[in-house]
Amino acid sequence: MSARTGEPRQAPGGVAALRTRFREGKAALLEHFRESRATAPAATRLTKGLARHVDAILAELWAGSAMPADAALAAVGGYGRGELCPYSDVDVLVLLPAAPAQDAAQDAANQGGAVERFLAACWDIGLEISSSVRSVDECVAEAQRDVTVQTALLEARFLGGARRLFARFRHAHHEALDVPAFLRAKTLEMQQRHVKYEGTPYALEPNCKESPGGLRDLQVLIWVARAGGLGRSWAELASHGLITPFEASQLIKHEGALKLIRARLHLVAGRREDRLVFDRQTAVAESFGYRSTRDQLSSEVLMHRYYWAAKAVTQLNQILLLNLEERINGSGAAPMRPINERFLDRAGMLEVARDDLYLHHPHAVLETFLVFQRTPGLQGLSARTLRALYNAREVMGSAFRKDPANRALFMEILRQPQGLTHALRLMNQTSVLGRYLWVFRRIVGRMQHDLFHVYTVDQHVLMVVRNMRRFFIPEHAHEYPMCSQLAAQWDPPWLLYVAALFHDIAKGRGGDHSVLGATEVRRFCRDHGVAREDAQLIEFLVRHHLTMSRIAQKEDLADAAVIAAFARLVGSARALVGLYLLTVADIRGTSPKVWNAWKGKLLEDLYRLTLRALGGEQPNLDAEIEARKLEARQNLALHSALPGTELPLWKTLEVSYFARHDAADIAWHARMLWRHLKTPLPIVRARLSSVGDGLQVLVYTPDRPDLFARICGYFDGAGFSIQDAKIHTTRTGFALDTFQVTASQLPGAVAGEPDTAYRDLISLVETQAVQALASAGPLPEPRSGRVSRRVRSFPVTPRVALAPDERAQRWLLTVSASDRTGLLYAIARVLARHHVNLQLAKITTLGERVEDTFLVDGAVLQQPKAQLRIETELLDALAPPA
């Protein structure tokens, strides 16, 4: 039969038989992999076996689809490498010759029909085909325009048809390849991809193919080496002197680990899925045989393994890419400037004077980072230095850590006025930090499933050090003015850097990490010759790094006893300043979403109140209230209020009102309410919050048991989150409540200008809230709030605690649970149902976990059985929706 007739030839056994063979063959390979031990060789056997299986099926389909004899079929992309993950696309290129001019139309029609039949048959048997149909000239032209196409064609592998045409294509593609331009394009593409995937190998939901440290970073190296004729495998790169045999073995090891994780992930998902999302992590971990224990989840074991592999890939990628760049661009001949007898400056990169420097002079390991800090103009470490550090890891053992010279060098690094953050990050990237501080090694790549940290423990710790460092840099004074002001008076800064470095160093061990961390930092200070007084301060800061945040966000700062107890704990103004700075740096380092201006104000209020107590000033509530009243009257006068405007309202208020509100709020309330003190209708007024984004909302209405629940119900339905609530009842039976709220979405908000959008919401809130409060019907059921994927995967066990205060007059209700829409309203409904009165609410949202504290009273709380019912109903309300 003529190759140009387009008449189909029946594939042996037919398409149905091929479909069955393909599915059964793939199922057998997957089942064998599923039942085998979770090892890298098993993953390699699977991916290569799947590729060979698809090769055979495609060859048979090609033979039975009446394709032109002068056409060719090639595998490209990942399939071109001879590997297929269980649900990866099968990338193929149908290569056609240029048609003769006299019969071009007929040839095109015949070729097109044959190609369509071939591709349709591929889909019919279940192959996830990703295809392109081009001539040689079209391939070359498209590769010149698109580096992604150029990369895919670089890995083309012959499958069937005309070998001469395929050889011509390979030659044309190679001749058209501009290797330096290809290197530059792939480097820029990799940088852009890293930015897209959070710029870190430690993302909590990494893409094991595309994230930094993922498989794609390894593939970039092979692509560039292949383009430059420097090798197609790690062994070939080693033979060309680009990597050492040890580095080649490490690349093979970590590539195998990533391929294994990706293959298992595909099996668990039952489809192409390269993201290790929370929903899948536990199932993938269990497919490895990992099981959760009391101290560690199975998913944490899996992710720890992934992060170690990704970190190593990041290091090796950096070394090899710099080597490839030197070899291809000839940048290895750049002039060098001696820094000292051990180090050189090579075009802004720190270069070791000899490859075996660290093996003969171990002290030079830490000196590397000290020189980096002290030498202006250095941008990073050269490939030669990175390789020397990577190959010197065995030098950094117990004797290295105990060497007095190394301990002195590390302290010098901490004491440097510049470059600390960059130096510590480089030390972590090169594994030096974890090998010198062995206790730090245990937190590298450790996940934190607490719903508010978005970094691994080591990354969080270095972020806190960075935040602390910024307090001492004048250029960052606008970010945290008060912190910068306090830091300017603190000396020496390195004490705080040590506290930041150790504050979470004992995470993941079980037990109280603050107490364990204090023990570790005490040992560090003893080993490094830190003066006793300084060591005691650092230990105090690590032991109590969570205390200030807890008191500010959960206790009543208007209670003099709370302030006095905290002042006794802190003991000195110096310790208070250090604890305040560490607390702010820590909260800011957990997640961009956790910190807000309201939390900042609470911490600042606690700092100022405690500082006064430490100064010997005895709490004098009467004097404090009179001072606030005086300031409020001055504020009223500035707003043209008549003298005495405030008195009718103030006569109805208890002392606790003045203790819990500042002068600006007291004046605002008086201005808003002086005409409405006896109105039976709800009064709602709103204004822009004075502490960050959001609104401050005042509610004044006759009190009733379900009032707080109705207010919460309105805010919940309107899409607002309550950040803080101050609840008061006047002597005349009116509720005077103030809320700090933020909107979950701001329609029409201009980037960087949320105040404009909030200003537009003021009249809406004032109108709608009045309507909601005027309702007399039963409280509506809470909305079934959706929870995030992260909460579904790592739910917080709901907890409720109800305990009397020291005077047994009021009760402290604390709740913790996973956050969701409508949660506060659900709590308020339970309290309203049992006629429990709310006096104060501290709403603390930590990422996707809430820890709320309420000051309550009510006769029902004196009855143990009623208490039990309330706690049980609260636990039911906190439970996540089914």
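Per-structure values
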quantity	calculated
Environment charge at residue 585 (Cβ cut-off 10 Å; Lys +1, Arg +1, Asp -1, Glu -1)	+3
Pairs from 601/865; 26/209; 48/507; 601/629; 48/209; 48/186 whose Cα-Cα separation, in the structure shown, is over 29 Å	601/865; 48/507
Surrounding net charge for residue 425, when Lys and Arg each add one and Asp and Glu each subtract one, Cβ distance under 11 Å	0
Isotropically averaged projected area of the range 291-404, using the convex hull of Cα atoms (one quarter of hull area), nm²	9.8
Per-residue SASA entry for residue 295, accessible area with 1.4 Å probe, Å² rounded to 10	80
Note, ³J(HN,Hα) from phi for the range 124-134, Karplus 6.51, -1.76, 1.60, rounded to Hz, x at Gly and Pro	4, 8, x, 7, 7, 7, 10, 10, 9, 10, 8
Overall Cα dimensions of the range 588-661 - principal axes, largest extent first, Å	48, 33, 22
Cα-based helix-to-principal-axis angle, 163-176 vs the chain, degrees rounded to 10	50
Heavy-atom SASA rank of 91, 279, 137 (probe 1.4 Å, accessible area, largest first)	137, 279, 91
Cβ charges +1 (Lys, Arg) and -1 (Asp, Glu), total dipole of the chain, debye	1360
Accessible area of the range 440-542 belonging to carbon and sulfur atoms, whole % at 1.4 Å probe	49
At R0 = 51 Å, FRET efficiency that the Cβ-Cβ distance of residue 662 and residue 249 yields, to 0.05	0.20
With eigenvalues of the C-alpha gyration tensor scaled by 5 and rooted, the range 17-91, Å	26, 15, 7
Using alpha-carbon coordinates, inclination of helix 298-329 to the longest axis of the chain, degrees	60
Estimated D of the range 110-228 in µm² per second, where Rh is the Kirkwood radius over Cα pairs and Stokes-Einstein applies at 20 °C, 1.002 mPa s	130
Estimated [θ] at 222 nm from DSSP helical runs (n ≥ 4, -39500 (n - 2.57)) normalised by residues in the chain, nearest 500	-17000 deg cm²/dmol
Sequence of 476, 545, 174 from largest to smallest accessible area, 1.4 Å probe	174, 476, 545
Probe 1.4 Å, accessible area per residue of the range 486-601, Å²	37
Solvent-accessible surface (1.4 angstrom probe) belonging to residue 239, in square angstrom, nearest 10	90
Selected from 307, 650, 800, residue furthest toward positive end of dipole (the chain; charges at beta carbon)	307
With all protein chains modelled, accessible area of residue 829 [1.4 Å, Å²]	40
Cleavage-rule hits (GluC sites (Glu not before Pro)) in the range 537-644: DSSP loop, at most 14 neighbouring Cβ within 10 angstrom	617
DSSP-assigned coil residues among trypsin sites (Lys or Arg not before Pro) in the range 615-661, each with at most 13 further Cβ atoms within 10 Å	651
Unit charges at the beta carbon, dipole of the chain: most positive-side option, 27, 206, 577	27
Over the range 491-591: Rg over Rh, Cα atoms, Kirkwood Rh	0.97
Equivalent-ellipsoid semi-axes of the range 392-476, from the Cα gyration tensor, Å, largest first	23, 20, 9
DSSP-loop GluC sites (Glu not before Pro) across the range 293-352, with at most 16 other Cβ within 10 angstrom	341
Tilt relative to the chain, helix 245-269 - C-alpha long axis, 0 to 90 degrees, to 10	70
The range 817-878, accessible surface, carbon-and-sulfur percent (1.4 angstrom probe)	52
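The values are calculated or read from the model by the stated rules, or taken from the named source; none is laboratory data. Here the structure is a predicted model, which means the values were calculated and not measured. Please note: Cβ atoms are built from the backbone with ideal geometry, for glycine as well, and neighbour counts cover all protein chains shown. Side chains included, ligands, DNA and RNA excluded: accessible areas come from the protein's heavy atoms. Shrake-Rupley method; radii C 1.70, N 1.55, O 1.52, S 1.80 Å.
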